[in-house]
Amino acid sequence: MPVPGDVTDPAWVRQVVGTVVETLGGLDVLVNNAGVGLRAPVARLSPDDLHRVLAVNLLGPLHCTQEVLPYFRRQGEGLVINISSLAGVLPVPFLGGYSASKHALVALFRCLRAELRADGVRVMLVHPGSVDTDFRRHALGLPYPERRRSSRVGADRVAEVVARAAEAGREEVFTAWSDRALLTVARVVPRLAERVLLRRYGPDPAEDR
């Protein structure tokens, strides 16, 4: 039952959640997947772009989650799935604004997870790396570099990983072994991980720094 709208608008979120419950008879799972990319060096980060990214990537999931929680709490169960990003657990150069929005999302929903344990409501965070979608093409700021990424995973694969993790009751999910490995490297040898990420997302030779 597709319903177009804007997750940054609390009134729309309230209306669509009410419509879903009335039409389908209940609500069991919320997937916060709406997101906007932003690529720019922090020194030239547009405040307007950052406001937009925070509104969609952070406040959007908050609006949706706050609206469904009364239903979940009444029935004593429910699952909130947040599609975060590898950039939500790693500082990614040239994605500072986007990374900040996802770091905030991770912190907010880890806190919520602890707050909801007694209510039977689960919170899962998913940290995909690079996914093969049109996400980059619609991002704000500078164009993403066109570099070959053999590790880019398909959206169907991400969906499969998320579904299996939800059934298994997992709380933190990575969609590729290489992403988890990079996080481990960042904790042990942070400058090495920084060089890897700069190769992925750093400036093209033609870009004016």
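In this structure the amide hydrogen of residue 130, modeled in the peptide plane, comes within under 5 Å of the amide hydrogens of 153, none closer than 5 places in sequence on its chain. Span-like helix check, the chain: qualifying full DSSP H segments, with Cα axial length of 18 Å or more and mean Kyte-Doolittle of -0.5 or more, are 10-24, 96-116, 155-168. Helix-only arithmetic for the chain: the sum of -39500 (n - 2.57) across DSSP H runs with n ≥ 4, divided by the residue total, places the mean residue ellipticity at 222 nm at -15000 deg cm²/dmol. Under 20 Å from a point placed 7 Å out from the Cα of residue 155 along the Cα-to-Cβ direction: which residues of region 15-41 have their backbone N that close? Backbone N within reach: 30-39. Taking other C-beta atoms within 10 angstrom as a stand-in for reagent exposure, 127, 103 fall in the order 103, 127, fewest first. Per residue, the convex hull spanned by the Cα atoms of region 10-201 measures out at 129 cubic angstrom.
Take the Cβ atoms of residue 136 and residue 15, set R0 to 25 Å, and the FRET efficiency comes out at 0.20.
Each value in this text was obtained by applying a stated rule to the coordinates, not by laboratory testing. What you see is a predicted model; the values in this text were computed from it and never measured. Please note: Cβ atoms are built from the backbone with ideal geometry, for glycine as well, and neighbour counts cover all protein chains shown.
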